[in-house]
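See below for the structure under consideration.
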Amino acid sequence: MSGANFDNADLTEVVMSKAYAVGASFRGADFTNSVLDRVLFNEADLTGASFRNAVLSASTFNDANLTDTIFEDALIGYVDVQKLCRNTTLGEFTRLELGCK
């Protein structure tokens, strides 16, 4: 999956475990109701992607573009949220949604 293009993909209810999606493009992808376990989204472009009601466990987003990404009602562990909140591309609304301080 590294470097692949999944722009505008319908990934609703997908289950991913230990996926290596470094540098991939998921612009506008819909991950609603998905389970994403230990997925590496490092350096990926997730602009406008939706993780509504998704479960994200130990997935990483280091240096990912999270502009306009939606995490509404997503289940994300406390430590993972802290790491997400360090991402400078998160918009103000998304930061509030995640509970960033």
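The values are calculated or read from the model by the stated rules, or taken from the named source; none is laboratory data. Everything numeric in this text was worked out from a predicted model, so none of it was measured. Counting neighbours? That spans all protein chains shown, and the Cβs are built from the backbone with ideal geometry, glycine included. Areas reflect the complete protein model, heavy atoms only, side chains present, ligands, DNA and RNA absent. Shrake-Rupley method; radii C 1.70, N 1.55, O 1.52, S 1.80 Å.
Things worth noting here:
- Net charge dipole, the chain: roughly 360 debye, given to the nearest 20, about the Cα centre with Cβ charges of +1 for Lys and Arg and -1 for Asp and Glu.
- Percent carbon-and-sulfur accessible area, the chain, ignoring ligands, DNA and RNA, probe 1.4 Å: 50 percent
- Net length available on complete extension from Ser17 to Ser57 is 13.5 nm, with 0.36 nm assigned per residue and the Cα-Cα distance removed.
- Taken about its Cα centre, segment 41-87 carries a charge dipole of about 140 debye when Lys and Arg each add +1 at the Cβ and Asp and Glu each add -1 at the Cβ.
- Listed values (1) 122; (2) 70; (3) 92, entry calculated as volume of the Cα convex hull per residue in Å³: (2)
- Taking each residue as 0.36 nm, the span from Glu72 to Glu92 lengthens on full extension beyond its C-alpha to C-alpha distance by 5.9 nm.
- Based on protein heavy atoms only, segment 1-78 ends up with 49 Å² per residue of surface accessible to a 1.4 Å probe.
- Descending by average beta-carbon neighbour count within 10 Å, the peptides 15-28, 38-51, 57-70 line up as 38-51, 57-70, 15-28, the highest first.
- Positive contributions from Lys and Arg (+1) and negative ones from Asp and Glu (-1), summed over other residues with Cβ under 11 Å from the Cβ of Thr47, come out at -2.
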